[in-house]
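Taking it in order: structure first as structure tokens, then the write-up.
Throughout, read-outs are computed from the coordinates displayed, never taken from laboratory work. Values in this document were obtained by computation on a predicted structure and should not be read as measured data. Every residue, glycine among them, receives a Cβ derived from its backbone with ideal geometry; neighbour counts consider all protein chains shown.
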Amino acid sequence: MDTNDKLPTREEYFHEPTEKEIFTQKMEKFNAMLDECHRIVFFGGAGVSTESGIPDFRSSAGIYNKKQFGINIPPERILSRSFFDMHPVDFYDFYRKFMVYPDAKPNITHQRLAQLEKSGKYVTVVTQNIDGLHQAAGSKRVIELHGSIYRNRCTRCGMDGYSLDYIMNQDVVPVCNMCGGVIKPDVVLYEESLDSESVEAALKAISKADMLIVAGTSLSVYPAAGFIRYFKGKYSVVINLTEIPFFSGADLAFANKIGDVFDKVIIKKKKRSPQS
């Protein structure tokens, strides 16, 4: 044995890595994966936006915790198409109070994803959120499975182009300037199907991806949660504070805040990338 070689001390041999050391090791692996892969899909849920101050749905502090907000009707009922059609006043009262956060800003996760795209990576964001924060951060390839608060359309004549400001500044129910019909936000309510073009685009992106990052979602909402079954690429990564049993076979898993992970993502200088 080389005299310069040192055997580990007893303390080193029995050393239990700290949480910080484990996180650092995982980040090194995560950054290596990102560096290796070109086509990356980020599949994000409500947990991505909570770090921008937008409540999620199912946690103890979530929108569906009706005791916290003093709501007598189950929020799932309020956010259904039949309730919207029959009780638009009550729907919009709830919608404006609990579903729209126009002052929210993109957080570090939104920003890093946009930076990855600008660095030359072919990043596609598939989001279950309706807040438009990925686009606000600069991401160009964003698939909004559940729609957007920034698109609104008349339910009678189909006239669109109504802004969020128009929706928020109406006293009660926003109506169409052309025909007087009720305007509906372009968000997917219970009893409604996902947009077929968005579904097709998401499945195509996931099936062609080298890397899939699932973050801020329990994968409990279908059919969107079933989309990850289409992933056949190199690496899958989960970032969620709680375990996701449905996606337990990921190559790398973080039980950390999404922002803490993406804050340590290394953005390398733009390279000439292969044709997308």
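Dimensions of the chain along the principal axes, based on C-alpha atoms and rounded to the nearest Å, stand at 88, 47, 31, largest first. Applying 1/(1 + (r/R0)^6) with r as the Cβ-Cβ distance of E191 and K269 and R0 = 51 angstrom yields a FRET efficiency of 0.60.
Taking the DSSP bridge list for the chain and keeping only pairs wholly inside it, about 20 percent are antiparallel. Taking label points 7 Å from Cα along the Cα-to-Cβ direction, E21 and D90 give a separation of 5.8 nm.
Build a GNM of the chain with springs between Cα atoms under 10 Å apart, and of L212, L34, L164 the one that fluctuates most is L164. Which net charge results for the neighbourhood of G138, defined as the other residues with beta-carbon distances under 12 angstrom from its beta-carbon, given Lys and Arg at +1 and Asp and Glu at -1? Net of charged neighbours comes to +3.
Basic side chains Lys and Arg get +1 at the Cβ, acidic Asp and Glu get -1 at the Cβ, and with that the dipole of the chain about its Cα centre reaches some 740 debye.
With a simple spin-label model that places each label point 7 Å from the Cα along the Cα-to-Cβ direction, the separation between C157 and D251 comes to 5.3 nm. Select from C157, G147, T127 the residue farthest towards the positive end of the dipole of region 124-166; place +1 on Cβ of Lys and Arg, -1 on Cβ of Asp and Glu, and compute about the Cα centre. The one lying farthest along the dipole's positive direction is C157.
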